Amino acid sequence: MILGTWGAGDDQWDDHVSFACRVGPVAGQDEPAATLVTAGLAHPDSPLFGRKLDREAALQHSRLAEFWQISDFVLEHDPLVRGHVYGR
């Protein structure tokens, strides 16, 4: 997930920061859970992604709560994602 200011071009992306998580089985949990992972590994570096955070950097970032709010919203409200992750 890329958070930041969205302007007309890449000169407007200087505050972009990328977070990522994996959602799935976690030992000791009955339900799938989300865990932070390094962002943007499948894509080359570009201004669009901004700073690609690893787990440790994401845990310390001031926008972490916002990332989790958006992730939770998608998991709860997108029927395709919800069905894939939770089977319902």
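The values are calculated or read from the model by the stated rules, or taken from the named source; none is laboratory data. Everything numeric in this text was worked out from a predicted model, so none of it was measured. For neighbour counting, all protein chains shown are included, and Cβ atoms are generated from backbone atoms with ideal geometry for every residue, glycine included.
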Filter the stretch 1-60 for residues that are assigned to a strand (DSSP E or B) and of a type in the set (S, T, N, Q); the one that is nearest to residue 86 (Cα to Cα) is 35
All-but-one check, residue 87 against (1) in contact with a helix residue (DSSP H, G or I) (Cβ under 8 Å, 6 or more places away or on another chain); (2) loosely packed, with under 10 Cβ neighbours inside 10 Å, failing number (1)
Scanning the stretch 4-30 for residues that are closer than 12 Å to residue 71 by Cα, touching a residue at least 40 places away in the same chain (Cβ under 8 Å) and touching a strand residue (DSSP E or B) at 6+ places or on another chain (Cβ under 6 Å) gives 21, 23
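Mind counting the residues in the stretch 61-75 that are in a loop (DSSP other than H, G, I, E, B) and either surrounded by 14 or more Cβ atoms within 10 Å (Cβ to Cβ) or at pLDDT below 95 (or both)?
Number satisfying all stated conditions: 2.
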